[in-house]
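Undergrad: First, the structure itself, so that you have it in front of you.
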Amino acid sequence: MRRFVEQDIDAVLADIDPDALLDWSNSDAPDSGVYKGHERWRAFARGRDEALGERRFDADEVIVPTADTVVIVGRIRERGRASGIAVETRGAAICTLREGKVICLKLYQSRDEALKAVGLEE
């Protein structure tokens, strides 16, 4: 996740299955949607790079409920390239793995939503 936010898409894709899903459908951002495969992940990242002058991700918590599931909770700080407006959001993502590669990354608006999705309701 950090490499994605730091705009190193080639490094990100090295750890991602060629047919992996990026499920950003829970986002309130204009690029909300589901992206499948390396080219769609790359297009998503390119769109973010064009819109945002700065991005930073800080993980507050990493939860590993199963060997193939990782929940990452944290905050993203972004600054619009044209507007200069800074935005900070909190959220969570679930990474599903197979044979050491990400096969799905799904965004959630909160830690509680992500934990509920993996059966760890608090």
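Coordinate-derived values only; no laboratory data. Since this is a predicted model, take the numbers as computed values, not measurements. Because the Cβ atoms are built from the backbone with ideal geometry, glycine has one as well, and the counts that use them run over all protein chains shown.
Undergrad: Pop a pseudo-label 7 angstrom from the Cα along the beta-carbon direction at both D49 and V34 and give the gap in nm to one decimal.
TA: With each label point 7 Å from Cα toward Cβ, the separation is 2.7 nm.
Undergrad: Could I ask something else about it? Aspartates and glutamates within cross-link reach of K101: Cα-Cα under 12 Å, excluding same-chain residues under 8 positions apart?
TA: Straight-line reach from K101, under 12 Å: D15, D17, D19, D68.
Undergrad: Along the principal axes of its C-alpha atoms, what lengths does the chain span, in descending order and rounded to whole Å?
TA: Taking the Cα atoms of the chain, the three principal extents are 41, 32, 21 Å.
Undergrad: Add -39500 (n - 2.57) for each DSSP H run of 4 or more in the chain, then divide by its residues: what number comes out at 222 nm, to the nearest 500 deg cm²/dmol?
TA: -6500 deg cm²/dmol
Undergrad: Right, next: Multiply the residue separation of D60 and A14 by 0.36 nm, subtract the distance between their alpha-carbon atoms, and state the gained length in nm to one decimal.
TA: Gain on stretching D60 to A14: 14.1 nm.
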